[in-house]
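This report refers to the structure that appears directly beneath it.
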Amino acid sequence: MSNPGEADLTPITARRQLAEWFAAGSKPRAGWKVGTEHEKFGFYRDGYATPPYAPGGIRAALEALAVRGWEPILDDGNPIGLKRGGASVSLEPAGQFELSGAVVADLHATHAELQAHLRELHAVSEPLGLGWAALGFHPLHTREQMPWMPKGRYAIMRRYMPTVGALGLDMMTRTCTVQANLDYGDEADMVEKLRISLALQPVATALFANSPLTEGRPNGFLTFRSQIWTDTDNARSGIPSIVFEAGFGFERFAEWLLDVPMYFVMRDGKWLDAAGKSFRAFLDGKLDILPGERATMGDFADHVTTAFTEVRLKRFLEMRGSDVGSPAMIVAQAALWVGLLYDDAAQKAAAALVRSWTVEDIRALRAAVPRTALRAEHRGRPVQAIAADVLAIARDGLKARGLGEEVYLAPLDEIVSSGQTQADRLLALYHGAWRGDARQALLHTEV
C-alpha cells in the first residue's frame, strides 16, 4: 500500500464529482506512461530473522537512504517512507520495502529505475547486515514472528482485519507483490482495459506464481499469496461483477466504492478509526466519529485505495494479481500489461480472446490457479496454453511500439515453454539441493 498523497479538501457536494475524479485520469495516447511498484522482505543475513522497525532495522535503512537525497515521510514523528522526484519508498505492515516508481515513458526507463534502486538499497543495507528477498509469501516465519511498523492506519487495519476474514493479517505481514500501473484514454477505453485485465489477471497470477513455502515447508500452493486474498476481506477484493455489466463506467464504479466499508479518515495528521463504517453516511454528514462533517475529495481518494480488487481503478489502472519475483520478472510484469493494453491492435486481440468468458468463468479460474498455476484448466484448456496466446499478443503489442521492449518478456517465454514457474523451481530446490532447508529460499531470491 502506497504512502498517502496530499489531501484534497474540496467538499463533496454532488455524486458526479466522484465520477469526474476518475474521468480526470483520462489521457491522450501520447501521454500514456507506466509505473511499477514492488515489495520485498528484509532479512538479517546472519540468522535470517526479519528486521524490526528499530533498532538497526527498517528505520535505519530508511534513514541511510534519506542521506542520499530522499525526503522522509513521517507518521507521528516516525519515518515510515521516503520520496524523491516522482518515486517513493513505503513500508508494508511488517516492514516489507515497497518501491513505488515514478511514471515513465517506456520499459527501458522502468528497468533502469529498478536497477538504480537495488544498487542504492544494497549500499545502505550491507552495513546493516540486511538482505532483501523477492517472494510472494514469507517462507519461514509465523505471523507472530513478523514485526509491525508504526503506521497509524496499519493499527486500525490490524484490529479490523480478523473481523472480516481469517487471513487478513497474513496478507498484511507475510505477502509481497509486484504491480504495474497503466493509463486509459477515456471512459470507454477504461472499461475495455479493466475488463481485459480482470479476465486475464488469473493468467498473470499463474505466470508469476512464487510463493510455495510457508513456515519452512511446502504449503500445497504455487502462489499462496493469491490464496490468502480469498479469505482477507471479500467486501473489497476479488473480481467485482459490476465491471462486466452493461452500462458500467466511472459513475457505476464510484457507486460500488460507496458500499465498500471504510477503514479510516485522516484529520490533522492523524488516522481516525472508521473501520466498517459507511462512506455513504460520510457523504451525508452522518459519520458518527465526525458528526456533521461531510467527506472531501481527499477522503474519497483515500477510500479508493482501500479497495483491493484484482485490478484497481484509480486515475489509472493497477494490475495487482502477481507475486513479486526476480528483477527480470518485476520488469516482465509491466511488459506483459503494456504489451496487451498500449497498442490498439493488441488490445483488440486481447478483448477478443476473453470476450466469451463469463464472470463465473473468470472467478473459477481465479480459484484454481493458486494451487496449480499453469496446470490449471479454463474451459477445457490448460492455462499454460492460454498464457502462450496472451504472450504472443503482448509481444506483438510491444513490437508495434517500436522501442525494443519485447526483450523484457523473455523470462515469461521461458516459463510458458517449460511449464515451470518460479514456484515450481523453488520446490525442486527445496526437495533437492536444499534438502528441505527453506532458509535457502531467502538467499536464492535475494534481489
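Throughout, read-outs are computed from the coordinates displayed, never taken from laboratory work. Note that the structure is predicted; figures quoted are calculated from it, not measured. Here the Cβ is made from the backbone with ideal geometry for all residues, glycine too, and neighbour counts use every protein chain on show.
A few notes on this one:
- Euclidean distance between Cα centres, the stretch 37-114 to the stretch 243-301, Å: 29
- Difference of contour (0.36 nm per residue) and Cα-Cα distance, residue 163 to residue 401: 81.0 nm
- The order of 375, 320, going from fewest to most other C-beta atoms within 10 Å of their C-beta, is 375, 320.
- What the phi angles of the stretch 268-283 give under the Karplus curve with 6.51, -1.76 and 1.60, with θ = phi - 60°, is a coupling list of 6, x, 10, 8, 9, 6, 10, 4, x, 7, 9, 5, 4, 5, 4, 4 Hz, glycine and proline written as x.
- Sorted largest first, extent of the stretch 16-444 alpha carbons per principal axis (Å): 60, 51, 40
- Ascending count of other beta-carbon atoms within 10 Å, so fewest first, for 230, 177: 230, 177
- For the set 83/270; 33/193; 83/314; 348/399, every pair lies no more than 22 angstrom apart at their alpha carbons.
- Along the chain, the exposed loop sites are GluC sites (Glu not before Pro) outside DSSP states H, G, I, E and B with at most 12 other Cβ atoms within 10 Å, and the longest stretch free of them is 7-244.
- Extension gain, residue 258 to residue 242: 0.36 nm times the residue separation minus the Cα-Cα distance gives 4.4 nm.
- Measuring between their Cα centroids, the stretch 368-447 and the stretch 144-203 lie 21 Å from each other.
- Each Lys and Arg Cβ is given +1 and each Asp and Glu Cβ -1; about its Cα centre, the chain then shows a dipole of about 460 debye.
- Paired Rg and Dmax values of the stretch 1-129, which use every Cα atom, in angstrom: 17.5, 57
- Comparing 81, 136, 347 along the charge dipole axis of the chain, the residue lying farthest to the positive side is 136, per the Cβ-charge model.
- Choice from 200, 398, 290 showing the highest fluctuation, given a GNM over the chain with Cα pairs closer than 10 Å: 290
- For the chain, built as a Gaussian network whose Cα springs stay under 10 Å, the top-fluctuating residue of 371, 217, 435: 435
- Label-point separation in nm, residue 235 to residue 83, each point 7 Å along Cα→Cβ: 3.0
- Rounded to the nearest Hz, the phi-derived 3J(HN,Hα) couplings of the stretch 61-69 under the Karplus curve 6.51 cos²θ - 1.76 cosθ + 1.60 (θ = phi - 60°) are 5, 4, 5, 5, 5, 4, 4, 8, x, where x marks glycine and proline.
- Across the stretch 321-336, rounded Karplus estimates of 3J(HN,Hα) from the backbone phi angles (6.51 cos²θ - 1.76 cosθ + 1.60, θ = phi - 60°) give x, 10, 5, 5, x, 4, x, 5, 6, 4, 6, 4, 5, 5, 4, 4 Hz, Gly and Pro being marked x.
- When you filter the trypsin sites (Lys or Arg not before Pro) in the stretch 51-127 for DSSP loop state and at most 12 other Cβ atoms inside 10 Å of their Cβ, you are left with 68.
- Nitroxide proxy distance, nm - points 7 Å out along Cα→Cβ at residue 270 and residue 429: 4.7
- Taking only Cα atoms of the stretch 162-308, radius of gyration then Dmax in Å: 17.6, 53
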